[in-house]
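Okay, structure first, notes after.
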Ligand code: HEC
């Protein structure tokens, strides 16, 4: 299995918004925050830019920009993970994340469409480094399917509004929650049911998730071959 090591150090530059813990509903706030640091620091202090105070500005900007990247504490790790390692379902992920790909399961309890999403930043990082960066979130939504005749053909299947459940994985390259049975093998694992979408219904990823993901061990337990978004623009 590929493990994040040296490569991961590089990935720290890419998913900055993932490390802030500030912005559960959008990934643009950090940019706005950074912008305000950049513009407000010298002016709020009433400092005029000149040669003598450029140096401390550079240092302070360096600190401001470095702290989120280097932070490893649980509260800055992911907007969807609290300090205890409890995972929450990202709100409005269909709008705020990018679609990685879909599966169609023809029969059984899991029948219907499985639509998979991640942050645009995580997909971009994946294209660059070939693995999910620390803090990346994967959401899989299960929807029952309908079938009808359309102008494209007979018996066309489409995803319905009947959601079955959601699965979430959060990349954890630092083994932050050892001892928490919903974390391990490089990920946090969660299941959300429609009647109680605020709580992770899974108590143990080893009991509920891992065995089914073992076939994808070579790709960090993710079935990436079905996610064209990760492989490039076309
Ligand atoms: C019965 C086997 C099975 C179980 C149990 C299972 N998964 Fe999966 N999971 C799969 C398969 C196979 C895929 C890809 C194909 C599909 O969705 O049909 C997948 C896909 C996913 C995806 C999309 C990313 C990827 O890996 O491709 C997420 C997220 C996910 N599962 C999370 C979980 C979590 C969290 C649990 C436990 C709470 C879990 N799964 C339990 C078999 C399983």
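The values are calculated or read from the model by the stated rules, or taken from the named source; none is laboratory data. Treat the numbers as computed from the prediction; the structure is a model and nothing was measured. Every residue, glycine among them, receives a Cβ derived from its backbone with ideal geometry; neighbour counts consider all protein chains shown.
Taking the range 184-234 as the search range and keeping residues that are within 24 Å of residue 121 (Cα to Cα), out of contact with any helix residue (DSSP H, G or I) (no Cβ under 7 Å at 6 or more places or on another chain) and more than 10 Å from the ligand (Cβ to nearest atom), which one is modelled with the lowest pLDDT? Looking at residues that are within 24 Å of residue 121 (Cα to Cα), out of contact with any helix residue (DSSP H, G or I) (no Cβ under 7 Å at 6 or more places or on another chain) and more than 10 Å from the ligand (Cβ to nearest atom), I get 234.
Per-residue answers, yes or no, for (1) more than 16 Å from the ligand (Cβ to nearest atom); (2) crowded, with 20+ Cβ neighbours inside 10 Å; (3) over 27 Å from residue 234 (Cβ atoms):
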| site | (1), (2), (3) |
| --- | --- |
| 115 | no, no, no |
| 126 | no, yes, no |
| 131 | no, yes, no |
| 137 | no, yes, no |
| 141 | no, yes, no |
| 144 | no, no, yes |
| 149 | yes, no, yes |
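You will find that of 148, 128, the residue that is modelled with pLDDT of 95 or more, in contact with a strand residue (DSSP E or B) (Cβ under 9 Å, 6 or more places away or on another chain), assigned by TED's automatic domain parsing to the domain that holds residue 225 and on the phi < 0 side of the Ramachandran plot is 148 and no other.
Residue check: is residue 106 at pLDDT 95 or above and more than 30 Å from residue 82 (Cβ to Cβ)? Spelling it out, residue 106 is indeed at pLDDT 95 or above and more than 30 Å from residue 82 (Cβ to Cβ).
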